[in-house]
1. Grab the strands (runs of 3 or more DSSP E) fully contained in region 147-238, keeping just those with 3 or more residues being in contact (Cβ under 8 Å) with a residue 60 or more places away in the chain.
2. Here are ILE134, ILE109: which of them is in contact with a strand residue (DSSP E or B) (Cβ under 9 Å, 6 or more places away or on another chain) and surrounded by fewer than 17 Cβ atoms within 10 Å (Cβ to Cβ)?
3. In the set THR203, THR146, which member is within 17 Å of PHE52 (Cβ to Cβ), in contact with a Phe, Trp or Tyr (Cβ under 9 Å, 6 or more places away or on another chain) and of a type in the set (S, T, N, Q)?
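The values are calculated or read from the model by the stated rules, or taken from the named source; none is laboratory data. All of these numbers come straight from a predicted model, not from anything done at the bench. Glycine gets a Cβ as well: all are built from the backbone with ideal geometry, and neighbour counts include every protein chain shown.
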Amino acid sequence: MKIALIGYGKMGKAIEEIALHRGHEILLKIDQPNLHEFTAEKLAMADVAIEFTSPHSASENVKKLLDFGVPVVCGSTGWTDQLEEMKAHCAASNGAFAYSSNYSVGVNIFFEINKKLAALMAPHNEYEVILEEIHHTQKKDAPSGTAITLAEQVLQDIKRKKQWVNELSDNPEDLEIISQREDPAPGTHSVKYSSVIDTIEITHTAHNRTGFATGAVLAAEFLKDRKGFFTMKDVLGL
């Protein structure tokens, strides 16, 4: 495949390495110094674009790519308040769009474990639940998109919790997400249920960016020649 990279930071470089290793071609690399090349003409030969930029530019980038007729895999987090709008734009333009808060195969399996654990814990009100996430200091959003996904999954089953908050809280209806930023830390997410008797905790720890990059390339391979909106659940058949 011919892949366009929209965003060429640490994730863009990791994706490039994986894509080349899997036999793909990097057609174009768009970053701050060459934003003027982000045009329909430059992207005309791309089979798919992979977008990893920032919360402030992601939705506009996705919209442009869909308007250009380029299938897009988006990994930027912190902008999901606009996700439904982009899904509608994808449908209106008969485009192809994949979004997940985390493209790691391991994290997506972790999501399924989290949902199952929340369902099992739902009747047991004696357990208090809390989420923690640790990332590198350059991460631009808090809580992480992955932590938000985990929290929303917990809220589906733990009905005594009404909303997540990114702080410690005295309100028993708040699901606390505690965010820490320290280096080096590609990403650690924990969901902990504690009672006076015992503690049950599940944790996913990323050792590097390879898992995220590999998943994004897998999503790009899946998206080629498809139409519609997809997530990593579709890519992995979960």
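1. 188-194, 199-205, 228-230
2. Only one candidate passes the filter, namely ILE109.
3. THR146
Residue by residue, here is whether (1) out of contact with any helix residue (DSSP H, G or I) (no Cβ under 6 Å at 6 or more places or on another chain); (2) crowded, with 17+ Cβ neighbours inside 10 Å; (3) at pLDDT 95 or above holds:
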residue	(1), (2), (3)
PRO186	yes, yes, no
SER190	yes, yes, yes
VAL196	yes, no, yes
GLU201	yes, no, yes
HIS207	yes, no, no
VAL217	no, yes, yes
ALA220	yes, yes, yes
